[in-house]
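What follows is a set of notes on a single structure, which appears directly below.
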Amino acid sequence: MRIGFDAKKAASNLTGIGNYSRNHINLLAGNKDLECTLFIPGRGKEECLEAITGLDDMKIISPSGNSSINRTYWRNFSIVNDIKKSGVDIYHGLSNELPFGIKKAGCLSVVTIHDLIFLRYPDTYDFLQRKILTLKTRYACRNSDAIIAVSEQTKRDIVEFYGIPEEKVTVIYQGCHNVFKQVVPLSERESIRQQYGLPEKYMISVGTIESRKNHRAVIEAFAEAAEDITLVLVSKRTRMQKDIETLVDSLGIKEKVRILNNVPLSHLPALYQGSIGAIYASYFEGFGIPVLEAVTSGVPVIAATGSCLEEAGGKGAVYVNPFNPHEIAEAISRISNDSEFCRELVEGGKEHLNNFTDKALSSKIYDYYNMLLNRSL
């Protein structure tokens, strides 16, 4: 079976969809019944390429020219000719899009849709960005032979917004980076905690500071909770960070909130495992990978209802109304004071993780590709 992948994000994006793409490819890398071809529009980043398992055994196809305009045109249009020449059985767009004219590629096409947040919450995107995302995603959904959604929530959105038949969409969950599956030695956790100047008792929240992630409600909840806990926000710096810092000052809890920017992936497992718990109160997600990362790290989790975080967290999290800071505050207090409850969440999380083992996910993906090919005969 020959599978071609749109590997732009896998080769150049260190977070988010880049992690998803690399993980998806890596899950299949050891399968001797598969021949993988990566379509990469540029040179990629060394760190990303090194994280792709078995890259030397894969065929890589790139455009002949290296200008930005040429790379963009190739990925969106002329790549179709290269897909056809490559002889792949299936071309898989891993990041919400397929090239225009994909039906002329002479193979089956699959697209992974991560979310349609730009349609569900359009005000969180600028006009041009929203239009481009809408155009590309709608085209991919309507012109692909099959669609993978990363959650039931995303599947519902695809059906609702684009009128796609339910049977065309299959939910296959994503896994998280293997770095979170390793137990970090206590000495290393302690060293990293001290490196960032964190107290012994803290809760962690990983995610970009933007309105949808709902940091405001979490901070208001920490202001209400009469607990000696520090909230550690791990995020890249955004324009909204200043607003959050102003809110923290106005609530008089500057000593209870720390914001860490530019934290490397290698430090995240220690920060998760050194915490008393994780909190992720985003009011809408396509999947919610930080929830799965926290559950995988073996800590109790507070997560929001309303989208798909129950799918990511399973029995490893307690779920709260993201628009109710008081309810969030109560969950914070319970995580802080009820060790038996925390133990139950951690044990529930271990059970939930059986759905996310490399073996389970790789088998599901391989069986899915096989099903598509058999159906097309």
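Read-outs: derived from the displayed coordinates by stated rules, not from any lab. Quantities reported herein were computed from a predicted structural model and do not represent experimental measurements. Cβ placement follows ideal geometry from the backbone for every residue including glycine, while neighbour counts extend to all protein chains displayed.
Listing for the model above:
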| read-out | value |
| --- | --- |
| Proxy reagent accessibility, fewest Cβ within 10 Å first, across Arg75, Arg239, Arg22, Arg130 | Arg239, Arg130, Arg75, Arg22 |
| Size descriptor, Kirkwood hydrodynamic radius, that averages inverse alpha-carbon separations across the chain, Å | 21.8 |
| 23 Å Cα-Cα threshold exceeded, pairs from Lys45/Lys350; Lys8/Lys59; Lys85/Lys364 | Lys45/Lys350; Lys85/Lys364 |
| Straight-distance crosslink candidates among lysines, where the alpha carbon sits under 30 Å from Lys242 and sequence neighbours closer than 8 are dropped | Lys9, Lys131, Lys201, Lys213, Lys254, Lys256 |
| Linear extension gain, Leu247 paired with Ser266, 0.36 nm per residue minus alpha-carbon span | 3.8 nm |
| In region 1-102, chymotrypsin sites (Phe, Trp or Tyr not before Pro) in a DSSP loop with at most 13 other beta-carbon atoms within 10 Å | none |
| Proximal aspartates and glutamates to Lys104, defined as alpha-carbon separation beneath 15 angstrom and excluding residues fewer than eight positions away on the same chain | Asp82, Asp89, Asp145 |
| Cα centroid separation, region 1-71 to region 119-133 (Å) | 27 |
| Among Arg71, Arg212, Arg120, residue whose mean-square fluctuation peaks in a GNM of the chain (springs only between Cα atoms under 10 Å) | Arg120 |
| Whole-percent pair-distance distribution, where bins are 5 Å wide, for the alpha carbons of region 221-262 | 5, 22, 32, 24, 12, 4 |
| Residue among Leu186, Leu27, Leu133 with the largest mean-square fluctuation in a Gaussian network model of the chain, springs linking Cα atoms under 10 Å | Leu186 |
